[in-house]
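So the structure is just underneath, and the comments pick up after that.
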Amino acid sequence: MNRYARQIRLAEVADEGQAKLARSRVLVIGVGAIGSSAAEWIVRMGVGVVHVVDRDVVDVTNLHRQALYAESDVGASKAESAARRLVSINADVRVIPHAIDLDGESLRGLLNDIDLVIDGTDNAETRYVINDGCVGRGLPWIMGAALGREGRVAMLRGRAGVKVVGDELRASGQVDAEVRGGGACLRCLYPSVPAAGELPTCESAGVLPAMVGMVGSMQASVAMRYLISGDPVDRLWTLDGWSLRVREIDLSDGRRADCVCCGLGRFEFFDRPSHASAKLCGRGAVQVRPAAATRVDLSRLSERLARIGVIVRSDMMLKFSPHEHPSLSMNLFADGRMILFGTEDRAEARSFYARYVGA
Ligand SMILES: [Zn+2]
């Protein structure tokens, strides 16, 4: 019996729809709470290739809402743990983990050969990077957000039926305002990123655990419909996870000709260099990135560090705590990025990096 028999029975799916899913390639950015839920459905329904991106490691406070992880994953890379779990659910799907901190440069490479992007970031600034990348490539993306008792899902795109790469769009100076149709992009709806501290975060406002599952499930439903029918759904849904009321806003006339991104073709977030180091909110940790793109040979480095501290290795990550500073513990990823636990001092984190990893 075909494992997809129950969904193929639906007239909306049928054999043709299932074949389309199998040919589809989806990029899930962020596999925290929302991304866990969306990625699980996408894999179960039989999408051909699924990329999962996450910069973080699994923390015990994630487990009440991040459904791909178990207690045995605490401390491990989220991208790798998610991929392991997803492959164990459906080995027919090619799942590709990326343990990276997303910026314009890394997104540029990931957007090749992708049909659809699902946002699981729950991070305002990263969404603007995703928006720039997707508008530039003419790709739709599905935003998902949850905070307190409210969830939001929207299919965003900005330029219907046109595929233009970012460089061409920029070279042309402006985008033809007469371009047909097109729904809204993120910047049509919210022209600028909220300032730091302006919005409440999951740390300060909390989040209803089952709400994130609903948001991820809605994203997966919108994704399935788009991948099968090819028709984007220009809608923003807001749902209240407590009263269970859903509101729907029609975005089919939402595109603004004066939008900086999809109207004027300026990709400000895509081109912006990311910060070399940043405190990770509420985690007692600092992230340090290498000055330039690099690959670290984790095997060689772990041989070197094993003499002076405690090492745990996985394919994409090395954990190390030096004997002389047992309260500090780093997670080093193959792209040279480090998350140092046990401090919120960025200078201390940079000197730790220089000392044990190399400048
Ligand atoms: Zn726009």
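Read-outs throughout are calculated quantities, based only on the coordinates presented, and are distinct from any laboratory measurement. These numbers were taken from a predicted model, which means no experiment stands behind them. Counting neighbours? That spans all protein chains shown, and the Cβs are built from the backbone with ideal geometry, glycine included.
Quick notes on this structure:
- Estimated 222 nm signal from helices in the chain, with DSSP H stretches of n ≥ 4 weighted -39500 (n - 2.57), rounded to 500: -9000 deg cm²/dmol
- Cα→Cβ-extended label distance, 7 Å offset, between S72 and E324, nm: 3.7 nm
- Gaussian network model of the chain, springs between alpha carbon atoms under 10 Å - residue of H51, H98, H64 with greatest fluctuation: H64
- Residue-wise HN-Hα couplings along the stretch 6-16, as the Karplus relation 6.51 cos²θ - 1.76 cosθ + 1.60 with θ = phi - 60° gives them from phi, are 6, 8, 5, 4, 5, 4, 5, 9, 6, 4, 5 Hz; Gly and Pro carry x.
- Estimated FRET transfer efficiency (I89, A22; beta-carbon r; R0 22 Å; 0.05): 0.90
- Computing FRET efficiency as 1/(1 + (r/R0)^6) for R108 and S243, where r is the C-beta to C-beta distance and R0 is 41 Å, gives about 0.50.
- Rounded to the nearest 10 degrees, the inclination of helix 209-229 to the longest alpha-carbon principal axis of the chain is 50 degrees.
- The Rg/Rh ratio of the stretch 277-356, with Rg taken over Cα atoms and Rh as the Kirkwood radius over Cα pairs, comes to 0.93.
- Added length on full extension, which subtracts the Cα-Cα distance from 0.36 nm per residue, A11 to D297: 97.9 nm
- Amide H within-cut-off set for V57, under 5 Å, with H built and near neighbours excluded: K78
- Take every DSSP beta bridge whose two residues both sit in the chain; close to 70 percent of them are antiparallel.
- Percent breakdown of C-alpha pair distances by 10 Å bin, ordered from the shortest bin, for the chain: 5, 24, 32, 25, 11, 3, 0
- Length-normalised contact order for the chain - Cα pairs under 8 Å, 6+ apart - percent: 15 percent
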